[in-house]
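S.K.: Provided herewith is a single structure, encoded as structure tokens, for subsequent inquiry.
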């Protein structure tokens, strides 16, 4: 279902509210990290604790904190991270680029692979190839992304030792030429991307196959086939574009799942993205950092859905007319 701008505004308000209240439902003390005798030269005194609580606004009633939170967002201020002792925007900017790269590459690959395999399967439906692809994608889709990530790490990083076990780059290559660093980053990205692609390709494959089988039964396809048009050209040039409309909606709906899956995979591979920073912020009860991370994630998902609506309207001109 396509959302209208007013519905997006309501959704954003609900997301902002949940983003504020959910971190505060986590048991624990947000100053525990700062007041840890093992992490600091000495525990905070009562006066120091009161000063820190006042600095972060944690001494105010919840309603007042919520108002300050919305006012800060209106100014573009995501707050100050308690654990990192730095602006939340700066902390997230350094992590977001890795998650965006991981999600972007994975999305392009699993969508392209799913469409290609779905088209081939619909073209050869009922054959051994079709049955094999159905079985393979069903099996891969039954794995959670983080489970498959651990299996890939054990096989290719621990047993075969052909790919890095974790991280996003090698410390020994930070001063190397740019193409050496780029290759190193790509090698570190192979296993996380593979885990996300293999667990996500099934949905696009099934929808493409189902939609294409239906389109291939339409009258205009039958007429084109009767005129002697070649089967590959018929499938990939004439039928496939008309079967891609539901795939666009599916990709937009799955983006949130892809982002959360990427965050879990990042934890498995110690990848320095949003997943790692959310885990760190949750452990230290860093409310501003948790709020900022969740906000960036949810706004990205909503933005992707808005973009999908626009693309859907381009692909299907009937949707441009007002309801």
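S.K.: State whether one or more residues within region 137-149 are out of contact with any helix residue (DSSP H, G or I) (no Cβ under 6 Å at 6 or more places or on another chain) and under 30 Å from residue 242 (Cβ atoms).
M.R.: yes
S.K.: Every residue in region 99-132 that is over 30 Å from residue 272 (Cβ atoms) and buried (at least 19 other Cβ atoms within 10 Å of the Cβ), please.
M.R.: 115, 117, 118, 119, 120, 121, 122, 123
S.K.: Could you list all residues from region 59-98 that are assigned to a loop (DSSP other than H, G, I, E, B) and surrounded by 17 or more Cβ atoms within 10 Å (Cβ to Cβ)?
M.R.: 78, 79, 82, 83, 84
S.K.: Restricted to region 114-129, and to residues that are part of a helix (DSSP H, G or I) and free of Cβ contacts under 8 Å to residues at least 40 places away in the same chain, which residue is farthest from residue 209 (Cα to Cα)?
M.R.: Looking at the filtered set, the residue picked out is 128.
S.K.: Right, here's the next one. Before we move on, is residue 269 more than 26 Å from residue 114 (Cβ to Cβ), out of contact with any strand residue (DSSP E or B) (no Cβ under 9 Å at 6 or more places or on another chain) and surrounded by 15 or more Cβ atoms within 10 Å (Cβ to Cβ)?
M.R.: Taking the combined requirement at face value, the residue does not satisfy it.
S.K.: Continuing with this model, one more query. Quick one: would you say residue 161 is more than 19 Å from the chain's Cα centre (by Cα), closer than 23 Å to residue 275 by Cβ and either surrounded by 16 or more Cβ atoms within 10 Å (Cβ to Cβ) or at pLDDT 90 or above (or both)?
M.R.: no
S.K.: Please list, ordered by first then second residue, the pairs with beta carbon atoms under 6 Å, 6 or more apart or interchain, first in region 67-85 and at pLDDT below 85, second assigned to a loop (DSSP other than H, G, I, E, B).
M.R.: The qualifying pairs are 82/286; 83/33; 83/284; 83/286.
S.K.: Sticking with this structure for a sec: Looking at (1) touching a helix residue (DSSP H, G or I) at 6+ places or on another chain (Cβ under 6 Å); (2) surrounded by fewer than 18 Cβ atoms within 10 Å (Cβ to Cβ); (3) modelled with pLDDT under 85, which is the only condition residue 19 fails?
M.R.: (2)
S.K.: Scanning for something assigned to a loop (DSSP other than H, G, I, E, B), touching a residue at least 40 places away in the same chain (Cβ under 8 Å) and under 30 Å from residue 217 (Cα atoms), does region 130-149 turn up at least one residue?
M.R.: Checking region 130-149: not a single residue is assigned to a loop (DSSP other than H, G, I, E, B), touching a residue at least 40 places away in the same chain (Cβ under 8 Å) and under 30 Å from residue 217 (Cα atoms).
S.K.: If you go through region 279-307 one residue at a time, how many are closer than 16 Å to residue 21 by Cα and part of a loop (DSSP other than H, G, I, E, B)?
M.R.: Count: 2.
S.K.: Continuing with this model, one more query. Would you confirm, using the coordinates I've provided, whether residue 193 is part of a helix (DSSP H, G or I) and either exposed (fewer than 15 other Cβ atoms within 10 Å of the Cβ) or more than 23 Å from the chain's Cα centre (by Cα) (or both)?
M.R.: no
S.K.: When you check residue 98 against the structure, is it touching a residue at least 60 places away in the same chain (Cβ under 8 Å) and touching a strand residue (DSSP E or B) at 6+ places or on another chain (Cβ under 9 Å), yes or no?
M.R.: For residue 98, the condition - touching a residue at least 60 places away in the same chain (Cβ under 8 Å) and touching a strand residue (DSSP E or B) at 6+ places or on another chain (Cβ under 9 Å) - is not met.
S.K.: Starting from residues that are in a loop (DSSP other than H, G, I, E, B), out of contact with any strand residue (DSSP E or B) (no Cβ under 8 Å at 6 or more places or on another chain) and closer than 30 Å to residue 301 by Cβ, keep the ones in region 22-57 and report whichever is modelled with the lowest pLDDT.
M.R.: Out of the qualifying residues, it is 33.
The values are calculated or read from the model by the stated rules, or taken from the named source; none is laboratory data. This structure is a prediction, so every number in the text was calculated from the model and none was measured. Counting neighbours? That spans all protein chains shown, and the Cβs are built from the backbone with ideal geometry, glycine included.
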